[in-house]
Each structure stands twice: as C-alpha cells, then as structure tokens.
Amino acid sequence: MAESEADTPSTPIEFESKYFEYDGVRLPPFCRGKMEEIANFSLRSSDIWIVTYPKSGTSLLQEIVYLVSQGADPDEIGLMNIDEQLPVLEYPQPGLDIIQELTSPRLIKSHLPYRFLPTAMHNGEAKVIYMARNPKDLVVSYYQFHRSLRTMSYRGTFQEFCRRFMNDKLGYGSWFEHVQEFWEHRMNSNVLFLKYEDMYKDPGKLVEQLARFLGVSCDKAQLEGMVESCNQLIEQCSSSEALSICRVSPSDFFSFVHGSLGSGALIGLTHS
C-alpha cells in the first residue's frame, strides 16, 4: 500500500495541510507515516475497540460501553474526561507508543476502515464494536463539525459539502465502503455491529447486547440500573445533538441527493 498526495481541499482553509491517500482512501494528515505501524499494533484479548465513521454517535457509544464494561455511574462519567479513557488510535495524542502501554483492559477508538486496522484484529483478536449511522443524519452532523472545528473552518455550502461526501472527498473516505466492510464481518465472533438508530429505539436491547458481547455478568437489578443510566446518557446526548444540528435538516441532504443523482441513489444511502 502506498501513500500519495490527494487533491488540495476545495475550500480555502479546510485543512492547512493536505489530505493524503493511502491505498485509495483519503485520510487526515495526522495519519501520514504511521499506517504500517498501525497495521502491526499489538492487540490483547482483553482489548475493547470502538470503531465508527466520524459523527456516527461515537461519543455516546463510548460512554455506554464504558458504563457497561466498567460498571461506572453515569454521574461519574459526566465528571470525567471520557476521551482520556478511550484514546483514538490514529490521533497524534496520546500516540501509539502510549496507547500500546496502557493498563488492561484497554478501551481504544478509531475511525479507520476495517482493512487499515491492526492485522491481529482481522485474525479475531480483541473485541470490536462498530456503529453505523444513517448517512442523511450523519452528513448534517459532519457538516456542522467541519464548520465549528478551528483547524478546518469550513465555509462552503451544505450542498458543496454533500458533494464532497458523495465523492469520497472527506477524511476517512467513503461512508459506503466503511460501513460495507464491517457489515461483511458482522458474523465474526469478535465483532458486534450496531446501528445508531437502534440505540435510541431500544436502549435496553443495546445494553443486553453489549453485556453479552463483553462477557459482563449482571443480575436483573444491575441490568435495569444500566438501562436507566443508558437512558440518561441518551437523553443528555439528544439535547446536545439537537442544538448542534438545528440549522440544517437531514431532508436537505435527501433533496440534494435526489436532485443530483436521482432517487435510485437513496436505496444505497438508507441500506444498513
């Protein structure tokens, strides 16, 4: 797999550094030079990984996973910097060396496509929780994220951003391929494939799935307590999400895709 320069981002200060392509996938600049090291990253059987395409509910999922796996109190989670407890593999901080030496059980996040994750994961080592989100909602959240982040300062229109999304011109490449790769591995014993929308629809089922997948033993009272805590986290996240995306409706994305590509494209967008 070789790295190559990608086209300069079309917006003035979307990134001061260029994206780059690795094996045909556009990645953020901080991934440059570390992909082989990531592939060779050593796993432990006790590892718990959370993998998502950006803006797929990662923050909420990590809190729920931490709650279920550690038996943590939701109020305690609210007071702590949960991101410090679940570092992102490819981010500059804290870095691969520090993540490698974390005390077990390690909880690690990543937005990388399945094929770029550590080779040992492909061989069944560690537990991987993947969450997919409907792209009509995801792209709205991703657009607002690009507009708010200082290093990107995106100032293009929502339609222009959708075009970039549809043409795989954002960091981490194609949403379609990202989800499809994990969908194809959903039956692997070390992979749990979840959907963002199901998390809101039936939190109790989600908690049961996670507890079973992670091997967490709990009685009925403990399970009910975790479900209630999960509901609290979801309610808090829902309020925050509503405030952040209120300026753009997912229907705008629907209209854009319908007008640009025709109704047939929506079949692929809403599948999974």
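Given N residues in region 26-165, what is its alpha carbon radius of gyration divided by 2.2 N^0.38 Å?
On the way: Rg = 16.0 Å, N = 140, 2.2 N^0.38 = 14.4 Å.
Rounded to two decimals, the normalised Rg is 1.11.
Please give the contour-minus-distance gain from E184 to Q70: 0.36 nm per residue of separation, less the Cα-Cα distance, rounded to one decimal in nm. List each step's numbers first, then the result.
Values: separation 114, 0.36 × 114 = 41.04 nm, distance 2.92 nm.
My answer for the length gained is 38.1 nm.
Residues R164, R186, ranked from the fewest to the most other C-beta atoms within 10 Å, line up as R186, R164. Extension gain, D202 to S45: 0.36 nm times the residue separation minus the Cα-Cα distance gives 53.6 nm.
Roughly speaking, what % of Cα-Cα pairs in region 129-207 are separated by over 18 Å, rounded to a whole number? Write out the running numbers ahead of the final one.
Numbers: 1568 of 3081 pairs.
Tail of P(r) above 18 Å: 51 percent of Cα pairs.
Structure shown: which of K127/K201; K127/K195; K34/K205 lie over 27 Å apart, alpha-carbon to alpha-carbon? Among K127/K201; K127/K195; K34/K205, the Cα-Cα distance tops 27 Å for K34/K205. Peptides 154-161, 173-180, 56-63, 122-129 ranked from most to least packed give 56-63, 173-180, 122-129, 154-161, packing being the mean of other C-beta atoms within 10 angstrom over each peptide's residues.
Here the extension length gained between I98 and E84 equals 3.9 nm, from 0.36 nm per residue of separation less the Cα-Cα distance.
What number, in percent, do you get for the relative contact order of region 98-190 if the mean sequence gap of Cα pairs under 8 Å and at least 6 apart is divided by its residue count?
Normalised by residue count, the contact order of region 98-190 is 40 percent.
Bear in mind these aren't lab numbers, they're just calculated from the coordinates by the rules spelled out. Being a predicted model, the structure only gives us computed values, none of them experimental. Don't worry about glycine lacking a Cβ; one is built from the backbone with ideal geometry, like all the others, and counts go over all protein chains shown.
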